[in-house]
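The structure under discussion appears below in the form of structure tokens.
The values are calculated or read from the model by the stated rules, or taken from the named source; none is laboratory data. Because the structure is a prediction, the values reported are computed rather than measured. Reconstructed Cβ throughout: ideal geometry from the backbone, glycine too, with neighbour counts over all protein chains shown. Surface areas here come from the heavy atoms of the whole protein model, side chains and all, with no ligands, DNA or RNA. Shrake-Rupley method; radii C 1.70, N 1.55, O 1.52, S 1.80 Å.
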Amino acid sequence: SPWLPLHLPQTLLSLCPGAGAQTAQSFELQQPQDKVLVAAGDTLTLTCTTSGDSPLGPVKWLKGWGSGNKTIYDQTGSFPRVTRVVSGSNTDFNIRISDVRPEDAGTYYCVKFSKSLFGEEVFQRGKGTEVSLRGECQPSGTLLPRTPPAPPPRPQRGPALPCTHHPLPVLLCISTDAALVPNMVAAAVMLFLLLLLGLFIAFCMYRRKHRGEADSQCLAGPAAAGSFLPIPPCGGTPSTPRFVPTTSSAL
């Protein structure tokens, strides 16, 4: 018919049954992230890319699947905390969610829709990305308080050496942590040296006193008049005579 255009628009092709069979075979949607762990207040990045020929229809991000799903991002809507990583791209549908909150935990799906006579229908969807916040979450999405870390174990001291019982009085019991042992050994050495010094002084005094008594006995004996008398040796040799002057020799 002359009123029909030479090339049917892609919109009419998508409305005809079986027209998009070849398109479905070449189109591929990839959502590689399985699980993502993020801290509250951080920025969450969700990855989704497409390749091949795609039918007319938007790509959306949905949280949850089924009747309770929620649209997180749509190419035509406005979402304050959600932005595209590459704005205007037809193959890169990565998004960022800023200021992550506890209620953002859940499973996110990247979904390609196609237009039909009945509106938008799901053409292909990703496998889903499970997002969780650091810390265990209750079903309501509120964070449970974190369990404080256990304190580090205290270092254990070595066992003390047992004190052996002896019939004699025990003067010292040594243990592995006795810090006063070097000082006690030094004190014992000093006492021993002082004892030796006292013994040496006593020995010298005794020897000096004994020599003084011997010298006084040698000088106290009377000598024979005017003659050389042999005197017991007191400081000289036994063969050396000692002269003792008398009154008669002086006259």
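Can you bin the stretch 52-96 into rounded, prolate or oblate? Criterion: square roots of the alpha carbon gyration tensor eigenvalues sorted a ≥ b ≥ c, rounded for a/c under 1.5, prolate for a/b above b/c, oblate for the rest.
In terms of gyration-tensor shape, oblate.
Pop out the carbon and sulfur fraction of the accessible area of the stretch 30-115 as a percent, whole number, probe 1.4 Å. Provide the component values of the computation, followed by the final result.
On the way: 1970 of 4310 Å².
The C+S portion of the solvent-accessible surface of the stretch 30-115 is 46 percent.
Note the full-extension length gain between D74 and S26 as 0.36 nm times their separation in residues minus their Cα-Cα distance, in nm to one decimal.
On the way: separation 48, 0.36 × 48 = 17.28 nm, distance 2.35 nm.
Full extension of this stretch gives 14.9 nm more.
Just to confirm the filter: which GluC sites (Glu not before Pro) across the stretch 47-124 are DSSP coil and have at most 12 other Cβ within 10 angstrom of their Cβ?
none
For the stretch 25-76, what's the radius of gyration and Dmax over Cα atoms, in angstrom?
That works out to 13.5, 41 Å for Rg and Dmax.
Once the other residues with Cβ under 15 Å from the Cβ of S54 are scored (Lys, Arg +1; Asp, Glu -1), what is the net sum?
So the surrounding residues net to -1.
Taking 0.36 nm per residue of sequence separation and subtracting the Cα-Cα distance, how much length would be gained by fully extending the chain between R154 and M205, in nm to one decimal?
12.1 nm
First select every other residue whose beta carbon is under 15 angstrom from the beta carbon of F203; then total the charges, Lys and Arg +1, Asp and Glu -1. Walk me through the numbers on the way to the answer.
Values: positive: R207, R208, K209, R211; negative: none.
Combined, the nearby Lys, Arg, Asp and Glu give +4.
Taking a probe of 1.4 Å, how large is the accessible area per residue of the stretch 30-109, in Å²?
Details: 4150 Å² over 80 residues.
Spelled out: the 1.4 Å probe surface of the stretch 30-109, per residue, equals 52 Å².
On a full-extension model of 0.36 nm per residue, what is the gain between V181 and L193, subtracting their alpha-carbon distance, rounded to one decimal in nm? The partial results should precede the final answer.
Values: separation 12, 0.36 × 12 = 4.32 nm, distance 1.86 nm.
Taking 0.36 nm per residue and subtracting the Cα distance, the gain is 2.5 nm.
I'd like the FRET efficiency for D53 and E130, computed as 1/(1 + (r/R0)^6) with the beta carbon distance as r and R0 of 30 Å, rounded to 0.05.
That gives a FRET efficiency of 0.50.
Near K127, which lysines are there with a Cα under 16 Å away, not counting those fewer than 8 places off in the same chain?
In chain and number order, the partners are K35, K60, K63, K112.
What is the sum of charges, Lys and Arg at +1 and Asp and Glu at -1, for the other residues whose Cβ falls under 13 Å from the Cβ of E130?
+1
What residues have an amide H closer than 5 Å to that of I72, excluding those fewer than 5 places away on the same chain, when H is modeled at 1.01 Å from N in the peptide plane?
W61, L62, K63
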